[in-house]
Amino acid sequence: MKRQLLSLALIIFLLPMQVLAANLQQKNANFQKKDQAELMAKVAGGYGEIGETRQALQILDNALKLAKPLPKDSYKDLALREICQQYVAIAHLDKAIEAANAMPQDTLKVYCLTAIAAKYRIQGNRTLADKVIDQALQTANAISVEKSNHEALRYAEEPRSLALVNVIEELIASEQIERALRLAKTIPLASYQREASRKILKAKTKQPLKPEQEKAKPIAIIPTKVCTGVPANKLLGCAFQKALLQEPSLEKHIFGQNLTFSGI
């Protein structure tokens, strides 16, 4: 009887250890699969760079199949981010969205979605670019923020702040400056809000002139120094004519009308 009780106690003691060992083995296997999928995506990127798109796509599809079923604690986001980036690089954006949507980590998901939106924008597909950026913004705003004045908990606000900055950068690139300004005001962390504001201000100062602004260009922009030895009362007319020889379209932008200068 004592021997049976001892055996039972030994089984009860060893069983959790066996379960723990099995779980650890499974975790290690998942990490290996994550690493394998990430490596496959990098190899696919190499094929994409040399124009072997078909081969790259085949490897990426296999990498995605390997990474998607992995549990959250396998760090599969890292593999899926690499897979998403490489899909974007070869312009297979539907598959890139599939990879992004499989990511449990919302900050990285936003990073991938903004990259996809940028690719659509570059391709000239503004409708799909806006649709993906809207999804990125929705994902960013869904990131939970724990409100607290305690310094140790300020980092709870960082993931959403970082995600919103990513969205703002793409809004700037797509010239949606006013929308970017409004969004910047919603960033939880002040440091990230200042960073976003600086990016927006820099973009505003670099924005090309609109057609109506082009018409308002002052005549003073015409370089008069090209007309040496010309009397002062004929200097502007001379400079204007020389400018037209270099850029004929300039004439219609000066106050929006054709000008001629007499006495040249």
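The values are calculated or read from the model by the stated rules, or taken from the named source; none is laboratory data. A quick note: this is a predicted structure, and the numbers were derived from the prediction, not measured. Cβ: placed from backbone, ideal geometry, glycine included. Neighbour counts: every protein chain shown. Heads up: the accessible areas ignore ligands, DNA and RNA and are worked out on the full protein's heavy atoms, side chains in. Shrake-Rupley method; radii C 1.70, N 1.55, O 1.52, S 1.80 Å.
Among (1) at pLDDT 90 or above; (2) open to solvent by 90 Å² or more (accessible area, probe 1.4 Å), there is one condition Leu60 misses while meeting the rest; what is its number?
(2)
Can you run down the residue pairs with Cβ atoms below 7 Å, 6 or more apart or on separate chains, where the first is in the stretch 186-199 and of a type in the set (Phe, Trp, Tyr) and the partner is part of a helix (DSSP H, G or I)?
Hits for this filter: Tyr192/Ser161; Tyr192/Leu162; Tyr192/Val165.
Output the number of residues of the stretch 69-99 satisfying the condition of being small (Gly, Ala, Ser) and under 12 Å from Ala115 (Cα atoms).
So the count comes out to 3.
Out of all the residues in the stretch 38-81, which are of a type in the set (A, V, I, L, M, F, W, C) and farther than 21 Å from Ala91 by Cβ?
Correct list: Leu39, Leu66, Leu70, Leu78.
So the check is Cβ under 8 Å with 6+ separation or different chains; which pairs have a first residue in the stretch 97-110 that's among the β-branched types (Val, Ile, Thr) and a second one that's outside any helix (DSSP H, G or I)?
As it stands, the answer is Thr107/Ile143, since those pairs meet every condition given.
Which residues, taken from the stretch 81-123, are surrounded by fewer than 18 Cβ atoms within 10 Å (Cβ to Cβ), assigned to a loop (DSSP other than H, G, I, E, B) and either among the hydrophobic types (A, V, I, L, M, F, W, C) or at pLDDT 95 or above (or both)?
Scanning the stretch 81-123 gives a single hit, Ala91.
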